[in-house]
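*Asks:* Sending over a structure as structure tokens; questions will come in a sec.
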Amino acid sequence: ANESIQTLVMHPSDSSTLYAGTSTLGLVKTVNAGESWQQLTTSGSILAFAIHPQDTDKLIASRGNQIFLSTDGGEVWSLTFTNQTTQAISDLQFDPLNTQRVYASSLSGDIFVSDDSAKSWSSLQTFDDPVTSIHLHRGRPNLLMAVTTGDGVFRSTDRGLTWENVTETIQKPFD
């Protein structure tokens, strides 16, 4: 049977190392550009995954509505957060300049933030619709983008304190 891949993340400095979040096998890793894979978690659906940009042994992954942290390259995982709405965590992103800061989006419409490398979390923003992904600009850490299923794309220029819907600016050139 074919395994469904939910997310694929390349190691920031080693192009032969990739991590894949799967629908049933959990998180798997290759160190030879996909020729062979090893299982890092026992099972479950991994929807989101991120690698710390400097400390590449620090990994975060979501399984359902929970976020797990590993500080040893995926050997041992600890639960650091459970979304009380029971909706899945859809994306995880380390801040490129403040690597203690991590963002998580959820299908409940929430964006959560951690300022201690994913050990504790708080709510940053709640949208009316599920948030499928969040994006950070490497050169402009104050700029965040959030993609929702219903209301479109939102932009924050102050690290997520305020948000503006910019979906109309995407559609305008094509009207």
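*Asks:* Roughly how many percent of the accessible protein surface of segment 24-175 is carbon and sulfur, given a 1.4 Å probe and a whole-percent answer?
*Replies:* 49
*Asks:* Taking the Cβ-Cβ separation of Gln84 and Ser120 as r and a Förster radius of 22 Å, what is the calculated FRET efficiency to the nearest 0.05?
*Replies:* The formula returns an efficiency of 0.95 here.
*Asks:* Ok, one more. Ordered by residue, what ³J(HN,Hα) values in Hz, to whole numbers, does segment 110-125 give under the Karplus form 6.51 cos²θ - 1.76 cosθ + 1.60, where θ = phi - 60° and Gly and Pro are x?
*Replies:* Working through the residues one at a time gives 9, 10, 10, 9, 10, 10, 9, 6, 6, 7, 9, 9, 9, 6, 9, 7 Hz.
*Asks:* Sticking with this one: Compute the orientation-averaged projected area for the chain from the convex hull of its Cα atoms and round it to one decimal in nm².
*Replies:* Mean shadow area of the hull around the Cα atoms is 11.1 nm².
*Asks:* Between His135 and Asp55, what length in nm is gained on full extension when 0.36 nm per residue of separation is reduced by their alpha carbon distance?
*Replies:* Contour length minus Cα-Cα distance gives 26.8 nm.
*Asks:* Which values, in whole Å and largest first, are the semi-axes of the equivalent ellipsoid of segment 1-58 obtained as the square root of 5 times each eigenvalue of the Cα gyration tensor?
*Replies:* Listed largest to smallest, the semi-axes of segment 1-58 are 19, 13, 9 Å.
*Asks:* Counting heavy atoms of the protein chains only and a 1.4 Å probe, report the per residue accessible area for the chain as a whole number of Å². The partial results should precede the final answer.
*Replies:* Numbers: 8800 Å² over 175 residues.
On a per-residue basis, the chain sits at 50 Å².
*Asks:* Right, next: Given 0.36 nm per residue, what is the gain on full extension from Leu161 to Ser4 after removing their alpha carbon distance, in nm? Numbers along the way, then the final one.
*Replies:* Details: separation 157, 0.36 × 157 = 56.52 nm, distance 3.52 nm.
Contour length minus Cα-Cα distance gives 53.0 nm.
*Asks:* Calculated FRET efficiency, Asp72 and Asn98, Cβ-Cβ r, R0 30 Å, to nearest 0.05?
*Replies:* On the way: r = 23 Å, r/R0 = 0.75.
Efficiency for this residue pair is about 0.85.
*Asks:* Under a Cβ-Cβ cut-off of 13 Å, what is the net charge of the residues other than Phe68 that fall near it, where Lys and Arg count +1 and Asp and Glu count -1?
*Replies:* Residues near Phe68 contribute +1 overall.
*Asks:* Show the residues, 5+ positions off or on another chain, whose built amide H is closer than 5 Å to the amide H of Asp91.
*Replies:* Those qualifying (amide H under 5 Å, at least 5 residues apart or on another chain) are Ser105.
*Asks:* What does the charge add up to near Asp129, with Lys and Arg as +1, Asp and Glu as -1, over the other residues with Cβ less than 15 Å from its Cβ? Show your work: numbers first, answer last.
*Replies:* On the way: positive: none; negative: Asp91, Asp110, Asp128, Asp151.
Neighbour charge sum, excluding Asp129 itself: -4.
The values are calculated or read from the model by the stated rules, or taken from the named source; none is laboratory data. Predicted, not measured: the structure shown is a model, and the values here were computed from it. All Cβ positions, glycine included, derive from the backbone under ideal geometry; neighbour counts span all protein chains shown. Surface accessibility is based on the protein's heavy atoms, side chains included, excluding ligands, DNA and RNA. Shrake-Rupley method; radii C 1.70, N 1.55, O 1.52, S 1.80 Å.
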